[in-house]
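Bear in mind that the values in this text are calculations on the coordinates, not laboratory data. If you're wondering where the values come from, they're calculated on a predicted model, not measured in any experiment. Here the Cβ positions follow ideal geometry from the backbone for every residue, glycine too, while neighbour counts run over all protein chains shown.
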Amino acid sequence: MSHLSTWYFSFGEWMYKLFILNICWILLSLSGFIFLGVFPATVAIYATFRKDFQASGDIKLFQTFFYYFKKELVKANLYGYGMTLIGSILFLNIRIIGQLETSLLNSVLMILTYGLLILFLLVAMYFLPVYVHFQLKPITYVKYAFILLIGKPLQTIALVVCILVIFYIFYRFPVLLPFLGVSSIAYPIMKYSLTFFTTQKEA
């Protein structure tokens, strides 16, 4: 019975953190009128999870989140909109190629562009954990994110499956989005990434 009570307590504490950080993300994103707030708020949620994992849960969520939001206000927007631009260009290329006359060359270009888009999304998935964990040059963040992507392919696949399951749950139960939308996705990504960083450091 004590084990069951401990499990309930741990689960409740975990859900509480996800809820609080997601509300922080919404409020701070809105404080920057979305377009100035969403990227620093997203960086803050990853940085707060990292701090929480390293401190074994003994941190002040509100203060930590707000600290990282203010600290990363400028850089997060620069990186965020830079990556958004790259993703938009890739997506636009797919739309343009799709409207061209069907040919072998266009089919090859479409496959290559889809491949680049998928690679970009996977690297972007790891970019934030790398960014909040290391102090690096801009291009080196991308390099480390790519290394993290290919370093543990099976774990990366498992993480992608986990995220897809979360997306499916939100698709079926959209009412959960305001309470757990961003935090429940950031949690497993940061958790796995930090485990990888620790393993590499010990190695």
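Relative to the longest principal axis of the Cα atoms of the chain, the long axis of helix 138-151 makes an angle of roughly 80 degrees. For the stretch 134-203, just say rounded, prolate or oblate: build the C-alpha gyration tensor, square-root its eigenvalues into a ≥ b ≥ c, call rounded for a/c under 1.5, and beyond that prolate if a/b exceeds b/c, oblate if not. Prolate, since a/c reaches 1.5 and a/b exceeds b/c.
Pop the C-beta distance of Ile89 and Val165 into the FRET formula with R0 = 41 Å and round what comes out to the nearest 0.05.
According to the calculation, E is roughly 0.90.
In percent, rounded to a whole number, the relative contact order of the chain is 26, using alpha-carbon pairs under 8 Å and six or more apart. Adding -39500 (n - 2.57) for every DSSP H run of four residues or longer, then dividing by how many residues the chain holds, sets the calculated 222 nm ellipticity at -29000 deg cm²/dmol. Phi angles across the stretch 105-111 convert, under the Karplus curve 6.51 cos²θ - 1.76 cosθ + 1.60 with θ = phi - 60°, into 3J(HN,Hα) values of 4, 5, 5, 5, 4, 5, 4 Hz, Gly and Pro given as x. With a Förster radius of 45 Å applied to the C-beta separation of Lys137 and Ser5, the computed FRET efficiency comes to 0.40.
For the pairs Lys17/Lys75; Lys51/Lys75; Lys60/Lys143; Lys17/Lys60, flag any whose C-alpha to C-alpha distance is greater than 22 Å. Correct reply: Lys17/Lys75; Lys60/Lys143. Label the stretch 80-203 by shape, choosing from rounded, prolate and oblate, from the square roots a ≥ b ≥ c of the eigenvalues of the Cα gyration tensor; if a/c is under 1.5 it is rounded, and otherwise prolate applies when a/b is larger than b/c, oblate when it is not. Taking the square roots of the gyration eigenvalues as a ≥ b ≥ c, the stretch 80-203 is oblate. Would you mind checking the tilt of helix 38-54 against the longest principal axis of the Cα atoms of the chain, expressed as 0 to 90 degrees and rounded to 10? Taking the Cα atoms of the chain, the angle to 38-54 is about 50 degrees.
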